[in-house]
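A short worksheet on the structure shown next.
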Amino acid sequence: MTTESSGPAGGGGAATGADNYVLIDQSPEFQRLRSSFRRFVFPMTAAFLVWYLLYVVLSAYARDFMGAKVVGEINVALVFGLLQFASTFLIAVLYERYARRRLEPLAAAVDTSSVALTKDAHAGAGAVSPVDGDAPGAPDTDGTQEGRR
Amino acid sequence: MTHALTVAGPAAPVLAATENEHRTFSLVLFALFVAVTLYITIRASRQNRTAADYYAGGRSFSPLQNGLAIGGDYMSAASFLGIAGMFALSGYDGFLYSIGFLVAWLVALLLVAELLRNSGRFTMADVLAFRMRQRPVRAAAGISTIVVSIFYLLAQMVGAGALVSLLLGSQSESTKIWTIVIVGALMIFYVTVGGMKGTTWVQIVKAVLLMTGALVMTVWVLAKYDFNISTLLGAAADASGKGQAFLEPGLKYGATDVWSKLDLLSLGLALVLGTAGLPHILIRFYTVPNSRAARTSVNWAIGIIGAFYLMTLVIGFGAAALVGSKAIAAQDKGGNTAAPQLAEALGGGAGSTGGAIFLAVIAAVAFATILAVVAGLTLASSSSFSHDIFASVLRRGKATEQDEVKVARIAALAIGAIAIVLSIFARGMNVAFLVALAFAVAASANLPTLLFSLFWKKFNTSGAVAGIYGGLVSAVGVVLLSPICWGGKSDTIPKGNVDALFSETVVAPIPLQNPGLISIPVGFLCAYLGTVLSKERTDAKYAELEVRSLTGTGAH
């Protein structure tokens, strides 16, 4: 990127920083990251919400079904409830794996060097917070961008 | 603090010798927990130098530590004692609550945690206001943060007053008031002195204690039934006096007409969508170094919270089987003492030393639970007051970091003092509905705005402002028109509500006790309408938010 040599504190200023973000946003690497992220989280969210609401609706309206015995004193309602726990744990594990195998390498492939040093510039423009950056010496300002990813 | 605790003693009625035994032991354990947490807080305060230290614990916690702290922040006395009590009195319906509380974490994991960590700094409003005009959005988000936190705080503190007096076997008003004052004073100390670091450590210690206590009880109960769940369930159903219905949904929720079934759906929606909009939970994601740690800490939290709610199932049914629903309801009609009573029964029953000791241990765990949660709430609301309302709205972004932290400390003191006074006035009221209301406001006001901010390019300032106020006003408004305030008899509530806040005879205009079914769609709709009715576009800032939230570039 062209502004790579602009040095610390982003000599380009806020406007350049914002333009660079638009460029990164449109880059094929970033588009790939975004669609991979959305392709996982949106359907998965829809799936677990439907699955959970099905459980709640059955609890409200299908009490005979929920009360049916499966084995011993254990009925459908209890099994259904325990399956909600199981599905929650499973989705958490699946997402962790997906994030490590797919999303993290894709995020690393996005070239953000054009904005990596303009943190002061965009914060100064009132973007995130009125007070810029954390004070020197705070652990999270020491590392480079790469170190923090 | 130990001195203050013993002050409550003389006002209590004289009790039998063994009750005195467990009371003394309870007080010793309370005092021990307080001493340990005060020490930790003071130690943590020595490392508090910057605003990032105060608000976000220096962003230096590990995923496991933060996962435990999230659990400590989230598993309130209402979860531990309330859900165990619900299992013990209403059987299966306790499960509806705990499952909602757990599944909700997937919203936080998939849609919120990492993106928030990457693009925000100290508060929820950092992300909501990222693309927008700062002052109106931060004012709205600050108000909603403080409202949600105060509702939740009141429920916890009034509950603490009632609970500690129950556990100490004293029904006197002065015990309740002293408990509220002591809990309030401690939480103010943790927050003002320890900041996020101190508060986090209090939550970690509490989470470990709570999980250990729950695990011991669970294994103990299961051992009594040869680790056969079916036998335990059968014994619980027999002892409950309600037979098979005890093991099926419907004893508590959705028992009467069409409205009460809708109420169950309403509750379910608010539980599953509320968690990811609770400000005191959201700010926990800032305490780790990066987004990967934020994600992993949520996964730890899901494991810890899930395991905990599975254990409350055993504890609650165990209490029903071993103590009996009648004996539990006789002690507290809400069932909040089911877990401590079970502990007494497991330890050898009333009058035995073992029973007294285990009761005291579980009582102390409950006390620790309350303290950790109220500290988290005070921190979230005071941070938002300082960072959003003071620094951005009042000073227009010109406050120094030192000023901000100073104001945050003063705000913690003020919010804590207000909470103490309100709780003392509200101590005789049934405020359990405030927890459900806090979840409903979080789901109706905060979540729509948060999701639209992160995922909808056209979203803008007026959409964010409309969404927050629309969700907030509709959630509170529905409750003001509900059976919680108007307790007249109706088809939905055949017995009426004698605890109604305004009237026991007037029938509520809206028969729903949980506002979510109405207020959540209203929140989303207001956010949508506010957006399309305004011409403002924030495309360039949205590009920046997308890049930063997904890649972690420029993250604090």
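Derivation of every value follows stated rules applied to the coordinates shown; laboratory data play no part. Since the structure is predicted, the reported quantities are computational estimates derived from the model, not experimental observations. Note that we place each Cβ from the backbone using ideal geometry, even for glycine, and neighbour counts take in every protein chain shown.
Points to keep in mind about this one:
- Remark: spin-label model distance residue B:410-residue A:54 equals 5.6 nm, labels positioned 7 Å along the Cα→Cβ axis.
- Cα gyration tensor, the stretch B:243-362 - rounded (a/c under 1.5), prolate or oblate: oblate
- Simple spin-label estimate for residue B:223 and residue B:403 in nanometres, 7 Å along Cα-Cβ: 6.1
- Added length on full extension, which subtracts the Cα-Cα distance from 0.36 nm per residue, residue B:42 to residue B:533: 171.6 nm
- Rounded to 10°, Cα long-axis angle of helix B:353-384 versus longest principal axis of chain B: 20
- Over all other residues within a Cβ to Cβ distance under 10 Å of residue A:99, the charged ones net out to +3, with Lys and Arg as +1 and Asp and Glu as -1.
- Size of electric dipole in chain B: Cβ of Lys, Arg +1 and of Asp, Glu -1, about Cα centre, debye, nearest 20: 1660
- Bridging of residue B:495 to lysines at a Cα separation below 16 Å is possible for B:252, B:333, once same-chain residues fewer than 8 apart are set aside.
- Acute angle (nearest 10 degrees) that the helix B:173-224 long axis makes with the longest principal axis of chain B, alpha-carbon atoms: 50
- Cβ-based net charge around residue B:88, under 13 Å, with every Lys or Arg adding one and every Asp or Glu removing one: +2
- Relative contact order (percent, whole number), chain B, Cα cutoff 8 Å, 6+ residue spacing: 27
- Listed by chain and number, the lysines whose C-alpha is less than 27 Å from the C-alpha of residue B:457, apart from same-chain residues fewer than 8 away, are A:119, B:535, B:541.
- Based on Cα contacts under 8 Å between residues 6+ apart, the stretch B:30-162 shows a relative contact order of 15 percent.
- Neighbour-count order for A:115, B:435, fewest beta carbons within 10 angstrom listed first: B:435, A:115
- Helix B:229-240 axis, angle to chain B major axis (alpha carbon atoms, nearest 10°): 70
- Only one residue of B:315, B:87, B:516 has its Cα farthest out toward the positive end of the dipole of chain B, where Lys and Arg carry +1 and Asp and Glu -1 on Cβ, and that residue is B:516.
- With a Förster radius of 45 Å applied to the C-beta separation of residue B:258 and residue A:89, the computed FRET efficiency comes to 0.85.
- Each of B:55, B:39, B:225, B:309 was scored by other Cβ atoms within 10 Å of its Cβ. Arranged with the fewest first, they read B:39, B:225, B:309, B:55.
- Relative exposure of B:544, A:104, B:504, judged by other C-beta atoms within 10 Å (fewest first): B:504, A:104, B:544
- For the protein assembly as shown, size of Cβ-based charge dipole, Lys and Arg +1, Asp and Glu -1, in debye: 760
- Peptide A:107-114 has a mean of 3 when you count, residue by residue, the C-beta atoms of other protein chains within 10 Å of its C-beta.
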